[in-house]
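Nothing in this text is a laboratory measurement; each read-out follows from the coordinates by a stated rule. Quick caveat, the model's predicted, so the values are computed rather than measured. A quick note on method: Cβ atoms are made from the backbone with ideal geometry, for glycine too, and the neighbour counts reach across all protein chains shown.
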Amino acid sequence: MKTTIVFPMVVATTLLCVSLSYGQEGPAPAVPAATPPDATLFTTYNIDTAHTSVGWSVCGSLPGSSGCYGSGSLGPFGKVGALLEGEPKVDFTANTVTRAIYVVDIASGTNQNEVALDVYTKVDMITTDFDTVTVTLSRTITLPLTGGTSALTSMAANKQFLFVGTNRTSDAVEMNKRTFSITQLGGFSPPINVFAITADQYGYVTLSYGSFSGFDTGFIVVGPDGTEQEDGGGSQFMLNTVHCRHGAQRATTGRTGKGFSLGE
């Protein structure tokens, strides 16, 4: 059983060390990876004011054309709490790119207090001058979390796992993206609700409990393989190179891609 420890936040500074070597034979140059067929395309998303529907549009350029190639919508939902794209899977023979889109519905169920994860599969089938885009709902999973129309959601991911929490539940969930099995992460005594989930570029994820400005706080660090690496008291979080957090709207991301968490 984890026990909450109270202490001020410590800001760590990372020192960059440069090592020079002379007279040594360098490694063989790496073979450049093939360029994904959708490297010059992008997908933008929008959400309605009620947070019940998500729109998407694919635009960009291809060797023989430029413009927008497909659009559609996801939903309806009780209320969208967070969105995240999965790691792309490229089939160079078929010239397709497949990825998941994860949508957390925080107002699911009859009483609008259940939390459901909708997993969509997005496939881009690309030719020299067109992208045929299909997006289909592949799975809906009810998560052991408490939601509601005013609940706040946190979500992040690495290559193998997806992490989701709300500020109304003391345990976050870790979901295996291949098997969809779920593990609950928490166990602080007294219980502390989830406040934020952040990730770094190597696939480490920090689950923060309590408020960054509060005194009753805790954290858990999970590694890329889904195992717990560290836990303790205090307001800890992670940074990476492609997202920021500002105000009530939180952009969250793991190595799998870009995510957006919607606040009040």
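The table that follows gives values for the structure above.
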read-out	value
Those aspartates and glutamates that a straight Cα-Cα span of less than 18 Å connects to K89, excepting residues fewer than 8 apart in one chain	D38, D124, D131
Pair S65, T241: separation of 7 Å Cα→Cβ label points (nm)	3.3
P(r), alpha carbons of segment 159-222 - 10 Å bins starting at zero, rounded %	23, 52, 22, 3
Stokes-Einstein D for segment 37-261, Kirkwood Rh over Cα pairs, 10 °C, 1.306 mPa s (µm²/s)	88
Theoretical gain in end-to-end length, D216 to T132 [0.36 nm per residue, Cα-Cα removed]	25.2 nm
Point-to-point label distance, E228-T52, nm (Cα→Cβ direction, 7 Å offset)	4.0
Gained length - T149 relative to T93, 0.36 nm times residue gap less alpha-carbon distance	15.7 nm
